[in-house]
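Working notes, structure below.
The values are calculated or read from the model by the stated rules, or taken from the named source; none is laboratory data. Keep in mind the model is a prediction, meaning the values are calculated, not measured. All Cβ positions, glycine included, derive from the backbone under ideal geometry; neighbour counts span all protein chains shown.
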């Protein structure tokens, strides 16, 4: 027996087997159960999401010998013949090859005749948007007043090309792109049933490469099985797809987190020896940054790949959400402009250097206004030893019961944390600081920042800075003192208001307002030390 490709072998035979189209299944199931049947259905969506499959299942539901049902038996002759593509009363037409009006008229000549042996005569017209305008006109009258024994099932990838007169006579169902997680789960089920060994990262890579099309995913899976000689491995799938290994993206982000331009360019030079498509590398960098942004925003959301989860968590401790958003935007724009660069490598290097140059100032460094005139520390630099010593009598000398907010602000500024640990600490107030324990209260509005990893990282930083063993406890509640984050926001607002006042009192600005009717755009005002 000849080999049957996975896309055909695993085509869903009933509504329960459909993947990722629950909204369509629910509507059709309810209509069939109540026998509230329309005469024309239009299924839209990109390739491989299940338009024709849904139409065939609906044809079985209408003509199953057990009666009109949302769960066709699959055993009667009607169900089996529809599955086999030989049911005489299901007429499947490819509109792309029958665009002429003569073809449509010939097709409709037999509409008036009753079905040969079925309950309904079903016309399944695929890629219906390919019909000519004259063909649509010929079809329109029949769509408007069809015989009771006829059902029209139309499918298209481009519903905008259908005349509104046709659209208004159909019930329209838009089939969505299938999420990569749903595709990956379905592929895993198929691999288990086929007794094929597969690595989960490879399956997820195929699911993402399918871009929402289950049929494309099954075709890629077939190719991967053949490429790997019966096994599906991450290395083989990466090579087959011509993808860039994800390790490259993590190496670049590590270099960016280090703030080392030399390391960044050295990494780019190494990539040039093995990577030919820098556009694909930027695509992968964007995808990694998107997953990292989700990790920072929703720490409790765990990636399916344990190794990836660990890498994302490590990066999340070194990069802030602002860093990640900036890198993503730069990578996205750099991907667009890459063809304009003198050569791909130089364009790619400029994207990386742009990320390095425009990284925001360290959130953990005190501003000049906040630190009594001291210039903010550069990202990645260590505070002078004298400054560290000066801040430690202030912080470590605080006693339980009367800590005072200033001590915590000063101590936090010297820790130079990043990412989630810093955000956690900045939204806390100091309650207790004695020889063995430090207790913080986290503002309940930011309770989502509290995680074991972030707390342990903060505890480690405090232990190393204060040079003593201690236990850090964090409780969630209503903070009474001003937290460092609130103080930073307040000082920022004060600087902004002072800048606005300065501009409003500037004689040149006043002259422009009085003489020319000019107006100040308040949103464009920026303090000089921002």
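See the values below:
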read-out	value
So residue 179, is it in contact with a helix residue (DSSP H, G or I) (Cβ under 7 Å, 6 or more places away or on another chain), surrounded by fewer than 18 Cβ atoms within 10 Å (Cβ to Cβ) and closer than 30 Å to residue 40 by Cβ	no
Where a residue in the stretch 22-41 is free of Cβ contacts under 8 Å to residues at least 40 places away in the same chain and its partner, wherever it lies, is assigned to a helix (DSSP H, G or I), with Cβ under 7 Å and at least six apart	25/15; 32/61
Residues located in the stretch 244-282, provided they are under 22 Å from residue 292 (Cα atoms), assigned to a helix (DSSP H, G or I) and without any contact (Cβ under 8 Å) to a residue 12 or more places away in the chain	247, 263
Residue within the stretch 433-445 that is more than 21 Å from residue 393 (Cβ to Cβ) and either in the same structural domain as residue 296 (by TED's automatic domain parsing) or surrounded by fewer than 13 Cβ atoms within 10 Å (Cβ to Cβ) (or both) present	yes
Filter pass, residue 23 being farther than 16 Å from residue 152 by Cα, surrounded by fewer than 18 Cβ atoms within 10 Å (Cβ to Cβ) and in contact with a strand residue (DSSP E or B) (Cβ under 9 Å, 6 or more places away or on another chain)	yes
Looking only at the stretch 114-130, and only at residues there that are farther than 21 Å from residue 57 by Cβ and either in a strand (DSSP E or B) or touching a strand residue (DSSP E or B) at 6+ places or on another chain (Cβ under 8 Å) (or both), the one that is modelled with the lowest pLDDT	114
Qualifying residues in the stretch 1-20 (those that are in a helix (DSSP H, G or I) and touching a helix residue (DSSP H, G or I) at 6+ places or on another chain (Cβ under 7 Å)) - the one surrounded by the fewest Cβ atoms within 10 Å (Cβ to Cβ)	7
Residues located in the stretch 479-490, provided they are in a loop (DSSP other than H, G, I, E, B) and either within 16 Å of residue 421 (Cα to Cα) or touching a helix residue (DSSP H, G or I) at 6+ places or on another chain (Cβ under 6 Å) (or both)	481, 482, 483
The listed residue being more than 27 Å from residue 177 (Cβ to Cβ), assigned by TED's automatic domain parsing to the domain that holds residue 161, in a helix (DSSP H, G or I) and under 42 Å from the mean Cα position of the chain (by Cα), out of 107, 140	140
Test: residue in the stretch 77-85 that is touching a helix residue (DSSP H, G or I) at 6+ places or on another chain (Cβ under 9 Å), in a loop (DSSP other than H, G, I, E, B), farther than 29 Å from residue 138 by Cβ and at pLDDT 90 or above	no
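Listed here are the residues, each with its yes/no results for (1) in contact with a strand residue (DSSP E or B) (Cβ under 8 Å, 6 or more places away or on another chain); (2) modelled with pLDDT of 85 or more; (3) surrounded by 17 or more Cβ atoms within 10 Å (Cβ to Cβ); (4) closer than 18 Å to residue 525 by Cα.
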site: 458; (1), (2), (3), (4): yes, yes, yes, no
site: 480; (1), (2), (3), (4): yes, yes, no, no
site: 487; (1), (2), (3), (4): no, yes, yes, no
site: 504; (1), (2), (3), (4): no, no, no, yes
